[in-house]
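Below you'll find the structure, written out as structure tokens, and then a few comments.
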Amino acid sequence: METTKNHFFSDMSVMLGRSMRHITRSMDTIITVCLTPIAMMLLFVYVFGGAIKVGTDNYVNYLLPGILLIAIATGISYTAYRLFMDMQRGIFERFNSMPIARSAALWGHVLTSLVANAISVAVIILVALVMGFRSTAGILSWLAVAGILALFTLALTWIAVIAGLSAKSVDGASAFSYPIIFLPFISSAFVPTESMPPVVRAFAENQPVTAIVDALRALLSGQQVGTNLWIALAWCVGIMLVAYIFAMRVYKKRV
Amino acid sequence: MEKAIQVKGLQKSYKQHHVLKGVDLEVEKGSIFALLGSNGAGKTTTVKILATLLKPDGGTAAVNGFDVTTSPENVRWSISLTGQFAAVDEILTGRENLIMIARLRHLKNPRHVADDLLKRFGLTGAADRKVSTYSGGMRRRLDIAMSLIGNPQLIFLDEPTTGLDPEARIGVWNVVQELADSGTTVFLTTQYLEEAEQLADQIAILHEGRIIVSGTFEELRKQFPPAKVEYIEKQPTLEEIFLAIIGKKEEK
Ligand SMILES: Nc1ncnc2c1ncn2[C@@H]1O[C@H](COP(=O)(O)OP(=O)(O)OP(=O)(O)O)[C@@H](O)[C@H]1O
Ligand SMILES: [Mg+2]
């Protein structure tokens, strides 16, 4: 007898193709995801920038890592939304009554999230280049940047999967991302943590965004990344694993 | 005769709400079985359990010889479900929907399968339009077409003709008849006695959580008071009038 496990990758590629079509047919969601981070970048660089002392003359360089993380946090709320809508529709019922590897549909959404966020990250980097962003990073450093961003996206995507699967309403499915979008503000993303009051500073220096932002910034400016890289990776992988286990548990209960 | 479906003492509750209170039914291979019941009787619940989407609270159910709770994967290899609400992807085109399902069923030539079905269901003209622009009837036809892909041994159709105009309804009836002629078992639910009369080899009526009567249409007819029988016979005549008018219009 055939089993569904043999077909996991072909099933998943069909699912990926399906949700990628959803994305390319609603490019407006990608534009929406890019708009807020770009507006923030403009605001911080041209309005607040003059008053913020960060110790470099190029504030766009300083700002970009945090802006990218905000863009990803916004982007994954659409992943939760798409998953939630899919669960509501009859089409998921059809998939579930077919001999398809159970998690193929879920992985389709996860990989789509990765691609969609990669697109918005690329768009924002282009805008930043226009605004004066310059990097001395070599190929390897850029690959490391891409790798960290991909891991960060995956970690947040699995959180989004939990939200999408367990939400009771459309609003609930995307509201979970607000605190995540807010995290970069209490980190080294916009201003150095040294300028913060002690309690806030303690939080800022020990939360994942600061480590990730510092690692990205060091990589992009061609400096030594040091331990920040490992702390950033540990955070991303740790969050991803925990969220993955929970998401799978919720998924098994749902189907 | 071999059984395609065997259900004994099937129970299902949603929290406090006891919907199925011991459903017994048997469906023979290659036959058309109609499950009748009013709104909320539990028809969809029964179909979902048989299609492995819901777990029963009690009783046993076997589909094509496989138990739905202990070997759901084997059940899924042998069935296809057309749920009560169209299970189509609105953002994809009709053709893409069909190709997607053909690929998920691991067929050799998905495009070819899609083209054939589009033709058979009169959707060739709309094949490359997004499904969100389809009418209810077109959506339903696509939905049923998607369920035929891969020639499953057993097809569930949950209220396949609700919301269709008489012509489209007869189109669905023809498809169901063709399926049965080619040896596929069809399990359909409906609220229309006349539909069961037209199609089904066996009819069962689900009421208050149990099957209250079952048998062939002739057997059932004997149990109904004459007034009801008269009502049953009126429906096709109305339909005939409607079709006659439509037919005349088209001849002009
Ligand atoms: N997910 C659910 N949670 C709680 N109650 C439910 C759920 N699904 C169905 N019910 C209840 O179970 C009963 C049977 O529902 P079901 O959908 O099986 O009926 P049906 O015979 O298919 O009705 P219809 O002809 O309207 O489609 C209804 O009273 C319904 O309210
Ligand atoms: Mg129903």
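Coordinate-derived values only; no laboratory data. Here the structure is a predicted model, which means the values were calculated and not measured. As a convention, Cβ positions derive from the backbone with ideal geometry for all residues, glycine included, and neighbour counts pool all protein chains shown.
Got a sec to turn the phi values of the range A:40-53 into Karplus ³J(HN,Hα) couplings, 6.51 cos²θ - 1.76 cosθ + 1.60 with θ = phi - 60°, whole Hz, x for Gly and Pro?
4, 4, 4, 4, 5, 6, 9, 9, 7, x, x, 8, 9, 9
Choose one of B:Gln202, B:Thr189, B:Val175: the residue whose Cα lies farthest towards the positive end of the charge dipole of the range B:57-216 (beta-carbon charges +1 Lys, Arg; -1 Asp, Glu; about the Cα centre).
The residue sitting farthest along the positive end of the dipole is B:Val175.
Mind checking the angle between helix A:59-88 and chain A's longest principal axis? C-alpha axes, 0 to 90 degrees, to the nearest 10.
Its long axis makes an angle of about 20 degrees.
May I ask for the percentage of alpha-carbon pairs in the range A:16-72 that lie more than 12 Å from each other?
In whole percent, the long-distance tail amounts to 70.
Most fluctuating residue of A:Val145, A:Val127, A:Val209 in a GNM of chain A with Cα springs under 10 Å: which is it?
A:Val127
May I ask for the angle, rounded to the nearest 10°, between helix A:227-254 and the longest principal axis of chain A, with both axes built from Cα atoms and the value confined to 0 to 90°?
It is inclined by approximately 20 degrees.
Treat the count of other C-beta atoms within 10 Å as a stand-in for reagent exposure and order B:Asp24, B:Asp89, A:Asp28 from fewest to most.
Ascending Cβ contact count within 10 Å gives the list A:Asp28, B:Asp24, B:Asp89.
Let me confirm one metric for peptide A:85-96, namely the mean number of other chain beta-carbon atoms within 10 Å of its residues' beta-carbons.
Taking all residues of A:85-96 together, the mean is 6.
When only alpha-carbon atoms count, how far does the range B:1-113 stretch along each of its three principal axes, as whole angstroms with the largest first?
The Cα atoms of the range B:1-113 stretch 44, 33, 25 Å along the principal axes, largest first.
Each label point is 7 Å from the Cα along the Cα-to-Cβ direction; what then is the distance between the points at A:Ser10 and B:Asp128, in nm?
It is 2.7 nm.
Hey, rough spin-label estimate for A:Asp171 and A:Thr136, points 7 angstrom out along Cα→Cβ, what's it come to in nanometres?
Simple spin-label model gives 5.0 nm for this pair.
Would you list A:Arg94, A:Arg249 from fewest to most Cβ contacts within 10 Å?
Going from least to most buried by this count: A:Arg249, A:Arg94.
So what does log10 I(q)/I(0) come out to for the range A:2-254 at q = 0.07, 0.12, 0.14 Å⁻¹, using the Debye formula with one equal point on every Cα and no solvent?
Listed by q, the Debye log ratios stand at -0.25, -0.72, -0.94.
Would you mind checking the pairs A:Lys252/B:Lys43; B:Lys55/B:Lys119; B:Lys29/B:Lys130; B:Lys48/B:Lys119; A:Lys253/B:Lys119; A:Lys168/B:Lys29 and listing those with alpha carbons more than 32 angstrom apart?
B:Lys55/B:Lys119; B:Lys29/B:Lys130; A:Lys253/B:Lys119; A:Lys168/B:Lys29
Treat every Asp and Glu Cβ in the range A:2-254 as -1 and every Lys and Arg Cβ as +1, leave all other atoms uncharged, and give the resulting dipole magnitude about the Cα centre to the nearest 20 debye.
Once rounded to the nearest 20, the dipole reads 680 debye.
Given contacts defined as C-alpha pairs under 8 Å and at least six residues apart, what's the relative contact order of the range A:2-254, whole-number percent?
In percent, rounded to a whole number, it is 26.
State the Cα centre-to-centre distance between the range A:177-255 and the range B:104-165 in whole Å.
Between the Cα centre of the range A:177-255 and that of the range B:104-165, the gap is 47 Å.
Can you tell me the length gained on complete extension of the stretch A:Ala234 to A:Arg254, counting 0.36 nm per residue apart and subtracting the Cα distance?
Between A:Ala234 and A:Arg254, full extension yields 4.2 nm more.
Taking the simple approach of a point 7 Å from Cα along Cα-to-Cβ for both B:Lys119 and A:Ile119, what is their distance in nm?
3.5 nm
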